[in-house]
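Following: one structure in C-alpha cells, then a few remarks.
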Amino acid sequence: MFETVIAITAIINKTEDGQITFQVYEREMPQPDLLSLLALTYYQDIYGLLQEEDVLTVTFRLSQGDYTITANFLPSDEGPVFEEQGYAPTLDLFPRIKEVYLNIENLFRTSEKILVIFHLKRI
C-alpha cells in the first residue's frame, strides 16, 4: 500500500476593490492566483506518481464545509482515465478540480483559511 498527502494552506485576503489574494504559508508575498499553485502541484507532484487502480481525492476545506472530488485512475482503451461517479471518464482530472475551485470561489471570506488536500492512495 502506498499513500501520499500534499496539503496547501492559504489565508484568503480581499483588497478594498474586491480582488482576492492568498497568503500561502511557504511564500512570503501574497499570491494572486491559488489556482496556478494547485495546477503546478497537481501536474508536478501528483500526476507523475499515478498508477492504474490508484484513487485520488482532492478536498477543498473551508469554514463552510468540505468540497471533495474522488476519482479512480483506471485502465481504458485510450490509456488510464479518471473515473468519478456522475462524470464522464477523463484523461485529466485538473479541469474538474478547476471547476470545483471556481464554484466555491464566491464563498471565500477575508482572513479565512483554505486548505486544499491532494490524497493519493494505492492498494
task: Please go through segment 48-70 and pick out each residue that is in contact with a helix residue (DSSP H, G or I) (Cβ under 8 Å, 6 or more places away or on another chain) and either surrounded by 15 or more Cβ atoms within 10 Å (Cβ to Cβ) or part of a strand (DSSP E or B) (or both).
output: LEU56, VAL58, PHE60, LEU62, TYR67, ILE69
- request: Could you tell me whether segment 103-110 includes any residue that is touching a residue at least 60 places away in the same chain (Cβ under 8 Å), over 15 Å from ILE11 (Cα atoms) and not hydrophobic (A, V, I, L, M, F, W, C)?
  value: no
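Is it the case, given these coordinates, that GLU84 is in contact with a Lys or Arg (Cβ under 9 Å, 6 or more places away or on another chain) and on the phi > 0 side of the Ramachandran plot? Walk me through it before giving the result.
Numbers: in contact with a Lys or Arg (Cβ under 9 Å, 6 or more places away or on another chain): yes; on the phi > 0 side of the Ramachandran plot: no.
When the stated conditions are applied, GLU84 does not pass them.
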query: In segment 71-102, what residues are among the small types (Gly, Ala, Ser) and surrounded by 14 or more Cβ atoms within 10 Å (Cβ to Cβ)?
result: ALA71
field: Index of the failed condition, ILE117 passing every other in (1) within 24 Å of GLU3 (Cβ to Cβ); (2) more than 12 Å from the chain's Cα centre (by Cα)
entry: (2)
- request: For segment 103-115, state whether one or more residues are crowded, with 17+ Cβ neighbours inside 10 Å and in contact with a helix residue (DSSP H, G or I) (Cβ under 8 Å, 6 or more places away or on another chain).
  value: yes
- request: Being part of a loop (DSSP other than H, G, I, E, B), more than 16 Å from TYR47 (Cβ to Cβ) and within 16 Å of the chain's Cα centre (by Cα) is the filter here, so list the residues in segment 71-114 that pass it.
  value: PHE108
- prompt: For segment 49-90, which residues satisfy the criterion of being more than 20 Å from ILE8 (Cα to Cα) and in contact (Cβ under 8 Å) with a residue 24 or more places away in the chain?
  reply: GLN51, GLU52, GLU53, ASP54, PRO80, PHE82
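Read-outs throughout are calculated quantities, based only on the coordinates presented, and are distinct from any laboratory measurement. Treat the numbers as computed from the prediction; the structure is a model and nothing was measured. All Cβ positions, glycine included, derive from the backbone under ideal geometry; neighbour counts span all protein chains shown.
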